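Peer 1: Before anything else, here's the structure in question.
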Amino acid sequence: MKCSGAEIIIKLLERQGIKVIAGIPGGANLPLYDALGQNGKIRHVLTRHEQGAGFIAQGMARVSGDPAVFFATSGPGATNTLTAIADAKLDSIPIICITGQVPLGMIGTDAFQEVDTYGLSIPITKHNFLVRSAEELFEIIPNAFGIACSGRPGPVVIDVPKDVQMAVVEFDAWPEPGVREAGPELIAGEIKRAASIINKAEKPILFLGGGVIQSGSAEDALALAEKGAIPSALTLMGLGVVPSDHPLCLGMLGMHAARYTNLVMEECDVLIAIGVRFDDRATGQVAKFCPSAKIVHIDIDPCEFDKIKTTYASVMGDVFDILKVLLPLIEKKDRSEWLCEIAALKKDNPMIIPAVGDPVSPYGIIMKTAELVGNEAIVCTDVGQHQMRAAQVYPFKYPRQWLTSGGLGTMGFGVPAAIGAALAAPDRPVICFSGDGSIMMNIQELATAMEQNVGIKIILINNNALGLVRQQQDLFYGKRYYASNYSHHVDFIKIAEGFGINTCDLATSDDPVADLAAALAEPGPILIHVPVNQDEPVYPMVPMGAPNSEMIGGEKNV
Amino acid sequence: MSKQIVIELSVNNHPGVMSHICGLFVRRVYNVEGIACMPVNDGSRSRIWLLVNADERLDQMVKQMDKLQDVHDVKRHDGGHEVFGKMADFF
């Protein structure tokens, strides 16, 4: 066989099962685009910004669990991808970014649209490649897939010089596609020890994160909780592992947790941390996080053990494999005393949801939308107050239902991630809660949503401000609101109309519930506009650097 | 002067590996005091010696280096290593 480097890349992607690639062409990746166009089996999604392409790939990968691919050209194309790649690194999302690069002989000459993509992407990727010959592609492309989805998943960048894309090579056979490698061999003693600590615990808590979802272990984690009668606190990335209405579910912990959740953590004697990395927004002041608990840490990445908190026992391996062995060793318990203590804490310190009955209030719109879209819906968010409110109160049912930028906290994540989710799961409703600050950071992708005719429902909760910034200025900067209010009120309805998107303005609606229901039932993309008051903080809130027990707001009788 | 430790790495020999390793230190504001690197195995691999000050972050650094795709092996020489002593003659 005889193929160009570009044809080899496209064929190898097809053999990996890639069906959709988002991206933008440019001078240095045109051979790749020419090969993609000739291939005809892979759908291309032309975005309006390379960051949008990156978050579309993330949306696909977060929903499916499989690596997703996106393309960018050299120079500004590559630099525009960096935020989406860094976001994938922090949330351990398997995406593969293939960038064009100036020809090998011109690297290092400050050529037109040349930038050191390899160097720029080192700290934000799991691994990266600069391809130096077309032959190397047979190894690099399958490897990139294997690396992206094995162990702790993460993003991979493959930088391909233009002459490598054009070079023609002769070869005999295609390599096998790259696949997820089996996890490391488990150490039986580690698991036995963990089981014994859990069985002896009087007040254990499960602390479940994104790793449980990534490893496909939510069912076993729930079984562990139920068998041992162990209440479960979830990280922002772990929402959905245990259904929100499950009696053992404590909801999200940390900076914006319900008061009782953080108070329960104070009491626990054994913290079973699975697939979590003790993020500062989850732990608050580390020294005072679960102060009386022995920590059992279960994770595939040994770098996470003892990184933030010293573990009492650690179990290294694929969470899926570990839970299969651990579960039979866990004694069945009812723990009625501990559960009663938690119930009392919950009764005295419940999650207070202000104005929940008002469908055009910040919380009410989330609850009403959830009720109308049903359990099948995939929920995407941007970053800010709307995100924290959705995390607090949305009735999550299962893993991979919730797509949010956790570690990097990237405003602009929501709309393109929702497009990606809709491409990966075309038969499911996809909603996207956004804010007026966030949506403006990738609003150009409304054009992509329209072109692809994906049925994403964007609920734009508009307070004409950077709400979480304003909230911090309110609480910690003497109410000196600076650079957090927008002086101009953008007409988002007109903007959406300009993109050809359907709109629904609840500001002018006589019957918001009926209009919301009708808007959510429309086919195709729609922007639903919900203006809200600037002066409604997200409570409770733990001040940055304070222990989680020191929460502001959200008290029962205020 | 704080105690110095030598880390010995076996890595793939290609452009970028040194950046990956040094980057782990740079982004944690952890200085590398000395570096030596020579190709081995007919040039397919390299051996790198790093001289660093003892620090509570060292365990984490070793684990992070071990996680890099191009790193095959990481060894700690807590008592130092003669490689830097011999090199000192050139400074």
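Peer 1: R0 = 22 Å: FRET efficiency of A:LYS19 with A:MET450, Cβ-based, nearest 0.05? Each step should come with its number before you reach the end.
Peer 2: Numbers: r = 21 Å, r/R0 = 0.95.
Computed FRET efficiency for A:LYS19 and A:MET450 comes out at 0.60.
Peer 1: Could you compute Rg(Cα) / (2.2 N^0.38 Å) for segment A:362-531, with N its residue count?
Peer 2: 0.98
Peer 1: I need to check one value: relative contact order of segment A:188-348, counting alpha carbon pairs closer than 8 Å and at least 6 residues apart, in percent.
Peer 2: Taking the mean separation of contacting Cα pairs over the length of segment A:188-348, I get 29 percent.
Peer 1: Taking the Cβ of A:ALA517 as the center, what net charge do the other residues with Cβ under 12 Å away carry, scoring Lys and Arg +1 and Asp and Glu -1?
Peer 2: Local charge sum for A:ALA517: -2.
Peer 1: I've got another one for you. Any chance you could run the full-extension gain for A:GLU135 through A:GLU176? It's 0.36 nm times the residue separation minus the Cα-Cα distance, nm to one decimal.
Peer 2: 13.3 nm
Peer 1: Starting from the Cα of A:LYS333, draw a straight line to each of the aspartates and glutamates and keep only those under 14 Å, dropping any in the same chain fewer than 8 residues away.
Peer 2: A:GLU202, A:GLU226
Peer 1: I would also like to ask the following. So what is log10(I(q)/I(0)) for segment A:407-446 at q = 0.22 1/Å, when the Debye sum runs over its Cα atoms only?
Peer 2: -0.69
Peer 1: Something else about it: Could you tell me the calculated FRET efficiency between A:ALA229 and A:ASP280, based on Cβ-Cβ distance and R0 = 35 angstrom, to the nearest 0.05?
Peer 2: E between A:ALA229 and A:ASP280, to the nearest 0.05, is 0.70.
Peer 1: While we're on this one: Divide by every residue of chain A the summed helix terms, -39500 (n - 2.57) for each DSSP H run of at least 4, and state the resulting mean residue ellipticity at 222 nm, rounded to the nearest 500 deg cm²/dmol. Before the final figure, lay out each step's value.
Peer 2: Values: 22 runs with 208 residues, N = 558.
Using -39500 (n - 2.57) per qualifying helix, the result is -10500 deg cm²/dmol.
Peer 1: I would also like to ask the following. Check A:VAL45: other-chain or 5+ apart residues with amide H under 5 Å from its amide H, H built from backbone geometry?
Peer 2: Under 5 Å from the amide H of A:VAL45 lie the amide H atoms of A:ILE21, A:ALA22, A:GLY23, each far enough along the sequence or on another chain.
Peer 1: Would you mind computing, in nm to one decimal, how far apart the modelled labels at A:MET106 and A:ALA188 are, each placed 7 Å from Cα along Cα→Cβ?
Peer 2: 6.1
Peer 1: If I stretch the segment between A:ASN533 and A:ASN502 completely, what's the gain in nm (0.36 nm per residue apart, minus their alpha carbon distance), one decimal? Before the final figure, lay out the partial values.
Peer 2: Values: separation 31, 0.36 × 31 = 11.16 nm, distance 2.44 nm.
Computed gain between A:ASN533 and A:ASN502 is 8.7 nm.
Peer 1: Can I ask one more? Could you count how many Lys pairs in segment A:1-112 have their Cα atoms under 14 Å apart, skipping same-chain pairs fewer than 8 positions apart?
Peer 2: Close lysine pairs found across segment A:1-112: 4.
Peer 1: Using a basic spin-label model with each label point 7 Å from the Cα along Cα→Cβ, how many nm lie between A:ARG43 and A:ALA514?
Peer 2: 3.5
Peer 1: Treating cross-link reach as a plain straight distance, find the lysines whose alpha-carbon is under 22 Å from the alpha-carbon of A:LYS347, omitting any fewer than eight places away in the same chain.
Peer 2: Counting by Cα, and skipping residues close in sequence, A:LYS347 has these lysines nearby: A:LYS203, A:LYS556.
Peer 1: Over the protein assembly as shown, what is the percentage of antiparallel beta bridges among all DSSP beta bridges, to the nearest 5?
Peer 2: 30
Peer 1: Return the FRET efficiency for the residue pair B:ASN41, A:ASN375: r is the Cβ-Cβ distance, R0 is 60 Å, and the value is rounded to the nearest 0.05. List each step's numbers first, then the result.
Peer 2: On the way: r = 56 Å, r/R0 = 0.94.
The computed FRET efficiency comes out at 0.60.
Peer 1: Return one quarter of the surface area of the convex hull spanned by the alpha-carbon atoms of segment A:188-348, equal to its mean projected area, in nm².
Peer 2: The directionally averaged projection comes out at 8.0 nm².
Peer 1: Just how many % of Cα pairs in the protein assembly as shown lie over 40 Å apart, if you round to the nearest whole percent?
Peer 2: 33
Peer 1: Against the globular-protein guess of 2.2 N^0.38 Å, express the Cα radius of gyration of segment B:4-90 as a ratio, rounded to two decimals.
Peer 2: Against the empirical 2.2 N^0.38 Å value, I get 1.03 for segment B:4-90.
Only the coordinates and a few stated rules stand behind these numbers; no lab work does. All figures in this text were calculated on a predicted structure; none of them were measured in a lab. Cβ: placed from backbone, ideal geometry, glycine included. Neighbour counts: every protein chain shown.
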